[in-house]
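Chemist: There's a structure below that I have some questions on.
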Amino acid sequence: MLQVHEFFKGLVGGITVVLCIHSINALLGYARFSWPGPPSSSGGALALFIAYGNMLLLALRGVVTATGIAIVEELLFRSWLAVEVATDLGYYRAILISGLAFSLSQRYSHFLTLYFRSKF
């Protein structure tokens, strides 16, 4: 029961941080929240249904993609890599090396994308 409580406490905290960041971006003018207006075509309700359906599918794809990436990153950098390095070099060095590998993968991910596109 305590683990479930801690999970939801972390989930609410994470959502709060993300909403605060997006709100600050909106207040500074870097982001804009908007809702699509009704389509201008004469399709009526069907066109409106298609437009909102496409928007819902786009949001769903974004959530699935972000969740998948987060899970893979957590498994790779916080589980597998840290354990493998800790076996050879110790716990504190493993934390530093996995953190460095994670930050470099975030910083230079576009180079990896270009590399793998050229290979396949």
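Chemist: Scan the range 58-93 for residues that are under 19 Å from Ser103 (Cβ atoms), among the charged types (D, E, K, R) and either in the same structural domain as Ile15 (by TED's automatic domain parsing) or in contact with a helix residue (DSSP H, G or I) (Cβ under 9 Å, 6 or more places away or on another chain) (or both) and jot them down.
Modeler: Passing the criteria: Glu73, Arg78, Glu84, Arg93.
Chemist: Going through the range 82-93 one residue at a time, which ones are more than 19 Å from Val72 (Cβ to Cβ) and among the small types (Gly, Ala, Ser)?
Modeler: Within the range 82-93, Ala86, Gly90 qualify.
Chemist: What about Arg78, is it surrounded by 10 or more Cβ atoms within 10 Å (Cβ to Cβ), at pLDDT below 85, of a type in the set (Lys, Arg) and in a helix (DSSP H, G or I)?
Modeler: In short, yes.
Chemist: What do you reckon, is Gly68 farther than 27 Å from Phe33 by Cβ and either surrounded by 10 or more Cβ atoms within 10 Å (Cβ to Cβ) or of a type in the set (A, V, I, L, M) (or both)?
Modeler: Answer is no for this residue.
Chemist: Same structure, new question: Checking Ile71 against (1) at pLDDT 85 or above; (2) more than 21 Å from Val18 (Cα to Cα): exactly one of these is not met. Which one?
Modeler: The single condition Ile71 does not satisfy is (2).
Chemist: Failed condition for Ser98, given (1) more than 15 Å from the chain's Cα centre (by Cα); (2) polar (S, T, N, Q); (3) modelled with pLDDT under 85, with all others met?
Modeler: It fails just one condition, (3).
Chemist: Does any residue of the range 45-57 turn out to be within 17 Å of the chain's Cα centre (by Cα) and farther than 25 Å from Ala101 by Cα?
Modeler: yes
The values are calculated or read from the model by the stated rules, or taken from the named source; none is laboratory data. Keep in mind that this is a model prediction, so the values were computed, not measured. All Cβ positions, even for glycine, are placed from backbone atoms using ideal geometry, and neighbour counts span all protein chains on display.
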